[in-house]
Amino acid sequence: MDKHTGLPVVGMVGGGQLARMTHQAAISLGQSLRVLAVGENEAAGLVAGDVVLGHHTDLDALRKFAASVDVLTFDHEHVPGEHLLTLAMEGHVIRPAATALGFAQNKLVMREMMAGLGVPGPAFAEVSTVDDVVAFGGEHGWPVVLKAATGGYDGRGVWMLDTAQHARETVPELLAAGTSLLVEAKVAMRRELSALVARSPFGQGAAYPVVETVQTGGINTEVLAPAPGLDDSRVHEAQDLALRIAATLDVTGLLAVELFETDTGLLVNELAMRPHNSGHWTMDGARTSQFEQHLRAVLDYPLGRTDLVAPACVSANVLGAPELPEMGPDERLHHLFARYPEARVHLYGKQERPGRKLGHVNFTGERMEDLRNRALLSAHWLSHAVWLDGHEIH
Ligand SMILES: Nc1ncnc2c1ncn2[C@@H]1O[C@H](COP(=O)(O)OP(=O)(O)OP(=O)(O)O)[C@@H](O)[C@H]1O
Ligand SMILES: [Mg+2]
């Protein structure tokens, strides 16, 4: 409990942009997020007043941090499960609990659990030798999708293998390096969706509108809220599925269920139990941002409203350009606001590097195509200093 405010203290393990934006939401609630960060210049470390330096794999650092907060939560999935179980046994409050988080930490464990629950997903198999992959490709057809069971993000840890030959060139090296692997059938999908829900320890659930996520090179680059043209029955199916998974796995906090929409229905891709890229639009487009919702959920407050504030909202990620533009970020922002005063810019305070997620831009309004156009132009402009539509600067 914070002595000044009389409010509980939430501790977030990990100091990235998700912690940074959770801190932003905590301020409005009169709270301050305590952050366990690895280094001094992390996105959250730069802004939160209460930062503890320590590594998320160091049990002693975790233990000390947990003892200083009322509830422990996460900005990423990389805390070893056995450490979380130890902390829980020692009486610390962890949300989501290790038993739930395990399904977001390990894709094979998650696939097995989903299959056990009868939740539709792609065909998959565990990989112990390259022959497992070759046999799977023979049975389900090529290409196949090879995945690291743990530690992957932003498409790192995902490999599309076109042929048995390709598998023989790729798999042995990964196995030799100790990577635990699974293989999945490559899904012929119409598009990718995300169903974001929150669940509190009390058992209250809240579902956000289902969104479409657009990926480029394995990274989510654009989020469209609500998913255009998704009929109501599919929306409810996706929301019900996410709420059911949250309740069954006893998730507390946010749960993002990444989905593939196919001609025959929805398949689960993966689970995340924290604020998620597919929920960044909620900062400007929903009544309650996902970051505030996560705090409410882990503190067991009643959850906030999840509806859109306008007919549509588009969020586009700002990804570092291959070459740093000559024009500095300050001047780029000037030009962006001159062209689009309504742009809602969220930058993470990171140094620019090729491909790095530097921020996102939200546009909220009436017409999806128009919002999309402005969001994409803005996000590209902010990292590249180039207007893709040839707009001239005067
Ligand atoms: N079985 C599959 N069939 C077709 N495409 C797939 C399959 N699995 C993954 N993909 C594609 O690869 C992307 C990344 O896969 P996945 O979500 O498993 O990896 P990740 O690196 O953990 O993702 P994130 O960016 O969410 O951290 C998916 O969004 C999808 O575009
Ligand atoms: Mg994913």
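Are there any pairs with C-beta distances below 6 angstrom linking a residue in the range 245-270 that is within 15 Å of GLY102 (Cα to Cα) and within 16 Å of ligand 2 (Cβ to nearest atom) to a residue that is among the hydroxyl-bearing types (Ser, Thr, Tyr) and at pLDDT 95 or above, with the two at least 6 apart or on different chains, and if so which?
Listed pairs, sorted by first residue: ALA256/SER194; ALA256/SER278.
In the range 215-239, what residues are closer than 24 Å to ASP284 by Cβ, of a type in the set (S, T, N, Q) and away from ligand 2 (no atom under 15 Å from the Cβ)?
GLN239
Do we find a residue being part of a helix (DSSP H, G or I) and closer than 24 Å to ALA149 by Cα anywhere in the range 66-80?
No, there is no match, as no residue in the range 66-80 is part of a helix (DSSP H, G or I) and closer than 24 Å to ALA149 by Cα.
Can you spot a residue in the range 46-59 that is free of Cβ contacts under 8 Å to residues at least 12 places away in the same chain, under 24 Å from HIS360 (Cβ atoms) and either surrounded by 24 or more Cβ atoms within 10 Å (Cβ to Cβ) or not assigned by TED's automatic domain parsing to the domain that holds GLY359 (or both)?
no
Taking into account only those residues within the range 127-159 that are touching an Asp or Glu at 6+ places or on another chain (Cβ under 9 Å), part of a strand (DSSP E or B) and of a type outside the set (Val, Ile, Thr), which is nearest to ligand 2 (Cβ to nearest atom)?
TYR153
Give me the residue from the range 261-282 that is over 14 Å from the mean Cα position of the chain (by Cα) and either of a type in the set (D, E, K, R) or closer than 24 Å to PHE363 by Cβ (or both) and, out of that set, modelled with the highest pLDDT.
Ranking the candidates gives GLU261 first.
Which residue is nearest to ligand 1 (Cβ to nearest atom), if the candidates are limited to the range 276-308 and must be touching a Gly at 6+ places or on another chain (Cβ under 9 Å) and part of a loop (DSSP other than H, G, I, E, B)?
SER289
Take the residues in the range 102-155 that are of a type in the set (Gly, Ala, Ser) and at pLDDT below 95; name whichever of them is farthest from LEU84 (Cα to Cα).
Ranking the qualifying residues of the range 102-155, first place goes to GLY155.
Please determine whether any residue of the range 367-381 is surrounded by fewer than 19 Cβ atoms within 10 Å (Cβ to Cβ), within 18 Å of SER278 (Cβ to Cβ) and among the acidic types (Asp, Glu).
No, there is no match, as no residue in the range 367-381 is surrounded by fewer than 19 Cβ atoms within 10 Å (Cβ to Cβ), within 18 Å of SER278 (Cβ to Cβ) and among the acidic types (Asp, Glu).
Give me the residue from the range 112-168 that is more than 10 Å from ligand 1 (Cβ to nearest atom) and acidic (Asp, Glu) and, out of that set, surrounded by the most Cβ atoms within 10 Å (Cβ to Cβ).
Once the filter is applied, the top-ranked residue is ASP132.
Residue under question is ALA242, and the condition is that it be surrounded by 20 or more Cβ atoms within 10 Å (Cβ to Cβ) and within 15 Å of ligand 2 (Cβ to nearest atom); does it hold?
It is true that ALA242 is surrounded by 20 or more Cβ atoms within 10 Å (Cβ to Cβ) and within 15 Å of ligand 2 (Cβ to nearest atom).
Listed residues HIS276, HIS280; which is within 16 Å of ligand 2 (Cβ to nearest atom) and in contact with a His (Cβ under 7 Å, 6 or more places away or on another chain)?
Sole residue among the options that is within 16 Å of ligand 2 (Cβ to nearest atom) and in contact with a His (Cβ under 7 Å, 6 or more places away or on another chain): HIS280.
When only residues in the range 109-126 that are assigned to a strand (DSSP E or B) and not small (Gly, Ala, Ser) count, which is farthest from the chain's Cα centre (by Cα)?
Here the answer is GLU126.
Could you run through the range 168-194 and say how many residues are part of a loop (DSSP other than H, G, I, E, B) and in contact with a helix residue (DSSP H, G or I) (Cβ under 8 Å, 6 or more places away or on another chain)?
1
The values are calculated or read from the model by the stated rules, or taken from the named source; none is laboratory data. Every value quoted in this text rests on a predicted model; they were computed, and no experiment measured them. Don't worry about glycine lacking a Cβ; one is built from the backbone with ideal geometry, like all the others, and counts go over all protein chains shown.
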